[in-house]
Amino acid sequence: MARVQITDDLWIDEDELTETFVRSPGPGGQNVNKVATAVQLRFDVGRSPSLPDEVRERLKRLAGSRLTASDELMVEAHRFRTRERNRRDARERLVALLRRAAVAPKKRKETRPSRAAVEQRLKDKQRHSEKKKRRRRAKTEDGW
C-alpha cells in the first residue's frame, strides 16, 4: 500500500484519495472538447484515520469552500494539458494544504504597553482635545 508523506510524522494512504477525470473548463480548442484531462482529487477529511483531531479541525477551517457538506476535501486541477501533470498538481496542492494544517499556530503572548507609551498616548489625547477646544466658538452671556 502506497502512502503520501505530509510531514515527518504524518502520512496518508493512497487508498484515502479518489481521483476523477473530467473535461477542463475554458478555451482550448478540440483537445478540451474531447479529452478529460482535468482532475478532481477527493480526500475524506471526516473519516480519515491518518489525521489527528487537531489537524483535522485546522484543515476544515483552511479548506473553506473546497470542503463539501459531507466533509470531503475536493481539489480541482486543470492548469495543464495532460492528465499526469494535473494529477501531480492536485496532489501537490493537497499536500501543501495538509502541511499548513499540520502546523499548530503559536499562542499569542499577552503584552502590556509600557508606562512611557501610556503617558505619550494620554499627552497626545490631551493635545488633540485642546486643539478641538480652540476651534469652538466662545460662549457669550446670551448663549452664543
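The numbers here are math on the coordinates, done by the rules we state, and not lab data. From a predicted model like this one, the values you see are computed outputs, not experimental measurements. Cβ: placed from backbone, ideal geometry, glycine included. Neighbour counts: every protein chain shown.
Here are a few things to note about the model shown:
- Counting only DSSP H runs of at least 4 residues, each contributing -39500 (n - 2.57), and dividing by the residue count of the chain, the helix-based mean residue ellipticity at 222 nm comes to -13000 deg cm²/dmol.
- GNM result for the chain, Cα springs below 10 Å: residue of Arg81, Arg112, Arg56 fluctuating most strongly: Arg112
- For segment 14-25, 3J(HN,Hα) per residue [Karplus equation, 6.51 cos²θ - 1.76 cosθ + 1.60, θ = phi - 60°, Hz, x = Gly/Pro]: 4, 4, 7, 9, 10, 10, 10, 9, 9, 6, 6, x
- Only lysine pairs 8 or more places apart or on separate chains count here, and in the chain those with Cα atoms under 29 Å apart total 12.
- Local electrostatic count, Gln120, Cβ distance below 15 Å [Lys/Arg +1, Asp/Glu -1]: +4
- Binning the alpha carbon pair distances of segment 61-115 at 5 angstrom intervals from zero yields the distribution 4, 16, 17, 16, 14, 9, 6, 6, 5, 3, 2, 1, 0, expressed in whole percent.
- Inverting the pair-averaged 1/r between distinct Cα atoms of segment 98-143 gives 15.5 Å as its Kirkwood hydrodynamic radius.
- Structure-derived Cα extents along the principal axes in Å - corresponding label in (i) 89, 44, 26; (ii) 85, 43, 26; (iii) 67, 41, 35: (i)
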